[in-house]
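Working notes, beginning with the structure itself.
No value in this document is a laboratory result; all are computed from the given coordinates. These figures come from a predicted structure and were not determined experimentally. Positions of Cβ are generated from backbone atoms using ideal geometry, with glycine treated the same way; all protein chains shown enter the neighbour counts.
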Amino acid sequence: MKINTRTIVAIGIGSAVFYVLNRFVSIPSGIPNTSINTAYAFLAFMSTVFGPLAGALIGFIGHTLTDATMYGSVWWSWVVVSAFVGCAVGLCQNKVNVEDGDFNSKDLLFFNLYQIAANIIGWGVLAPVLDILIYKEPADKVFLQGLTAGAANLITVAILGSVFLTLYAKTRTSAGSLSKE
């Protein structure tokens, strides 16, 4: 796992963008304290490009900032899950060719398999269980919130995250695409 200046800058900028998207570009879901966020599509994109460490830190820092400024206190169980999702999606970095400019349907499939698994485990299992263990929340409430957040994030990432990665890959130069005339 390499950490370089580019990755450190990505963590800082990524955390700020995650915060702004999470704080100001979200749609209420109808379930208390649960919304549909574009921030997770951005998190999945950054995690795939910069790897699991960057994804974990962007999710952790961005979610902490959001909770602290929006609610006045941090809901640590969900912060941990944002970090988990960023890390888990980032594990697909070596399976996809986004940096090579050759992001094909196989890469898109791998990306979406990773993000679907991360969202199901994170929001469908970890968030509710941590809410029960840490905050003594009622199981029916937190599983409804977690499953709602997970479904919303899964769909948002499948659509927007896939678009972000496809567009980003088009800006990259394919290996061997340059030739001498």
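By the rule of a C-alpha distance below 13 Å, with chain neighbours fewer than 8 residues away ignored, the aspartates and glutamates paired with Lys141 are Asp131.
Between Thr166, Thr156, Thr69, the GNM of the chain built on Cα springs shorter than 10 angstrom shows Thr69 fluctuating the most. For the range 112-123, backbone phi angles converted through the Karplus equation (6.51, -1.76, 1.60; θ = phi - 60°) give residue-by-residue couplings of 6, 5, 5, 5, 5, 4, 4, 5, 5, 5, x, 8 Hz, Gly and Pro being listed as x. Largest GNM mean-square fluctuation among Asn22, Asn97, Asn33, using the chain with Cα springs under 10 Å: Asn33. What you get for the chain, charging only the Cβ of Lys and Arg (+1) and of Asp and Glu (-1), is a dipole of about 220 debye around the Cα centre.
Expressed per residue, the C-alpha convex hull volume of the chain stands at 114 Å³.
Amide hydrogen proximity for Ile36: with H placed 1.01 Å from N in the peptide plane, the residues at 5 or more positions away or on another chain lying under 5 Å are Ile27, Ser29. Contact order for the range 65-144, expressed relative to its length and based on alpha carbon pairs under 8 Å spaced 6+ residues apart, stands at 29 percent.
For the options Val80, Val98, Val25, a Gaussian network treatment of the chain with springs between C-alpha atoms closer than 10 Å singles out Val25 as fluctuating the most.
Ranking Thr173, Gly30, Val163 by how far each Cα lies toward the positive end of the dipole of the chain (charges on Cβ) leaves Thr173 at the top. Taking θ as phi - 60° and the Karplus parameters 6.51, -1.76 and 1.60, the scalar couplings of the range 158-168 work out to 4, 8, 5, x, 5, 5, 4, 5, 5, 5, 4 Hz in sequence order, x denoting glycine and proline. In the chain, helices alone account for a calculated mean residue ellipticity at 222 nm of -21500 deg cm²/dmol, with every DSSP H run of four or more residues adding -39,500 (n - 2.57). Here the Karplus relation 6.51 cos²θ - 1.76 cosθ + 1.60, evaluated at θ = phi - 60°, turns the backbone of the range 90-99 into coupling constants of x, 5, 7, 3, 7, 9, 10, 9, 5, 6 Hz, with x for every Gly and Pro.
Local charge sum around Trp78 (other residues, Cβ-Cβ under 11 Å, Lys/Arg +1, Asp/Glu -1)? Residues close to Trp78 contribute a combined charge of -2.
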